[in-house]
Structure formats: C-alpha cells, structure tokens
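Take a look at the structure set out below.
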Amino acid sequence: MLPVLLFVALTVHLGPMGPDAPAHEPQMAANGSAVALTFGAGHAIYFSSSRDSGGTFSAPVKVADGGIVPLTRHRGPRIAFAGSAIVITAVVGNKAEEGSHAHGLPSDGDLMVWRSVDGGKSWTPGKAINDVPASATEGLHALASDGKGLLFAAWLDKRGAKGTKLYSARSTDGGATWSRNVAVYLSPDGSICECCHPSLAIDSTGQLLVMWRNAVGGSRDMYLATSRDGVTFSTPKKLGEGTWKLNACPMDGGGLVVSSSKILTAWRRETNIFLAEPGRPEKQVGPGKDVALALSGEKTYMAWVDGTKVEAWIDGKLEQLAEIGAFPSVVGLPSGGAVAAWEENGAIQIRRLP
C-alpha cells in the first residue's frame, strides 16, 4: 500500500465561464515563478497566469473563440513558454462531425496556434499548424518547448488514406512560423491508436521526444521515438515489458518528462497506472486513468483519476486532491514543488504541491 501524504493547502478556483460554459481540460507551463494556464469553456479558449509559483492566478482572459472546440478526453488546449512569448495551441473547427463516435468533434478541425508577447494580455490571430486543411479533426495533440524559442507540436492526423497517423511540426522562432508537417510514425497495421493523445518533451540538448499509443498486432501499447532535427525520427521503441491486448481505443495517453539524468514516462495499461524509463521494466504505481506527469529537479509528481477521485503521487507518497474531479494536469516548478490543476464541478481547481 502506498504511504499517504497529509498537508493543508489552499485551492484556487477558476470558472465556470458562464451558465453554459463549464471549464475543461486545464494545462500549464512554468518559467521561474511564473505559471501559465490554459483551459477551454463553451466555444472559447482561456488563459490565466500566476506570478507567485501558483499561489494566486489572474482572472481568465479569452484567447480565441471557435465554432467547435473539442474539450473531451484530453482534447483541450496546450500551452508553453517560448522565449519572450507565451504560446497556446488547440484544435478548432466550424462543422460538426456526424456519427455516434463524433464526441463533439469538428469535421474541419485544424490545429491552431496563438501567441502573446505581453504576458497574456493580448493574443495574435490564430493560424493553422497542419498544412493539409481539416486533417487534425480528432482534436488530440501535444506541445513542447525548450523555453527559449524552440517549439515542437505533434497531433493525430487523418490526411491521406484511411487510418490515423502521427504528424509533427517545429518552430524555431517562438511559434511565429512553423515547419512543413512531418510524419513521425505510420503504423504497419494501418493506424495508430485513434483516440489517445501524444506526449512530447525536449531535452537540454534540443533532442525531441515523442510518445504515443500504438496499435500493432492487436495491442495498444505506448511507444517512444526521438529526433535531432524534427525531420527524421528514430525507430520507435515499445515502453514496458507487458502488453495490452485491446480491440478498442482507451482514450488515454500519458505523460513524458526529461531531466539531466533520465527520461520518464507514465501511462495506463488496463486499469492501472505505470511509470517507465525507456529500456527498463515498468513500475505499477496504482489503479487509475488519465495520468499526468512532471519533474521538479529529480522529484517525480503525478496526478490521475481513480474512480471519481483525483489523486496526487509525490515521489511515492499518495494524496487525495478531490473527491470528485477529472482530467488533472501537473507542472514542476524550477524552485521546487509542483502545481496541479483539474476539472471539478464546472471549474478549474489549482493547488500547489510540496
């Protein structure tokens, strides 16, 4: 049984943004004592920030409106610091996808990017990262930054023949311009897992790392690839020694972080959460789904959902954040500790972790 960590902490509440606009899918980035947060509500994307390492947050600012903004199963916006800019990405569209599996997705969805160079007070008009229109309709993507100006985005892409692919693009000027799209991986079985978000990281040498859930030989396992230039990628390697035989999509990605000494991943297999370093056996840490992962120094932070409860895992010690909540995220702070955020009763709840 995991040890339980007990402490008293204040929680910040943001939202709902209106009677028909509950707040969903929080994501964060940290730069020194600054924490940037984005989330979606209704048909809009919002931004809020903290200057005191997550102790307090500003009133949310609307970044952009969209006809359809997917906000289910990890489809919400992503955020990063990139030099003097703050960058937000999200999939938006205007035409509803038809069918029983649409989940409120746009049939004309594009992966859009917005930038702010005044701390989030104003934002540039959105522009598409995907260079084939309406190819990012699934709404699932990831964004990573080296903090200086290098950005890396990857998303589930529907271009070309039938099947879901993993595509990416890179920016070297803080998100102002983006490279041509590059196929990271095409499954030999015709499609990667269709509804699980990818995860990204950039290490201290500028190496790009990408993790996704594959669909090969009837298994839905996590794979990792790397790239030095964003154009060619290494042969993907499966993470963990076990496998998940599943003829369905679990709609659950994972987390990927890097430090000076290790690459660490967290993900779900069946009903359990695992931690794994590439090439090493996975470690089961507890039952749950929708795991988020962060590092602060060499200290590991995770948050996930077990039933209806939101749990935090701090270097092996477990703490309950909420009785009822969903889709947690967590970001490590350069000064130590971390910040967790999650959905609860139509609002975003935010708490500092020690």
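The values are calculated or read from the model by the stated rules, or taken from the named source; none is laboratory data. For clarity, every value in this text was computed on a predicted model and none was experimentally measured. We place every Cβ from the backbone using ideal geometry, glycine too, and count neighbours over all the protein chains shown.
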Just the residues that are surrounded by 21 or more Cβ atoms within 10 Å (Cβ to Cβ) and at positive phi, please, taken from region 289-324. Asp290
Filtered residue count, region 189-220, keeping only those that are farther than 30 Å from Gly297 by Cα and among the β-branched types (Val, Ile, Thr): 2
Please go through region 43-78 and give me each residue that is buried (at least 22 other Cβ atoms within 10 Å of the Cβ), hydrophobic (A, V, I, L, M, F, W, C) and assigned to a loop (DSSP other than H, G, I, E, B), ordered by number. Val69, Leu71
So is Asp290 part of a strand (DSSP E or B), touching a His at 6+ places or on another chain (Cβ under 9 Å) and closer than 18 Å to Ala326 by Cβ or not? yes
Look at Val132 and say whether it is touching a strand residue (DSSP E or B) at 6+ places or on another chain (Cβ under 9 Å), over 29 Å from Ala338 (Cβ atoms), in a strand (DSSP E or B) and at pLDDT 95 or above. no
Filter region 195-218 for residues that are touching a strand residue (DSSP E or B) at 6+ places or on another chain (Cβ under 7 Å) and surrounded by fewer than 18 Cβ atoms within 10 Å (Cβ to Cβ); the one that is farthest from Lys162 (Cα to Cα) is Asp203
For strands (runs of 3 or more DSSP E) lying entirely in region 151-199, having 1 or more residues that are within 16 Å of Arg75 (Cβ to Cβ) and not acidic (Asp, Glu) picks out 151-157, 165-171
Answer with yes or no whether Leu318 is in contact (Cβ under 8 Å) with a residue 40 or more places away in the chain and either polar (S, T, N, Q) or under 17 Å from Ser53 (Cα atoms) (or both). no
Looking at Ser260, Ser329, which one is modelled with pLDDT under 95 and either at negative phi or part of a strand (DSSP E or B) (or both)? Ser260
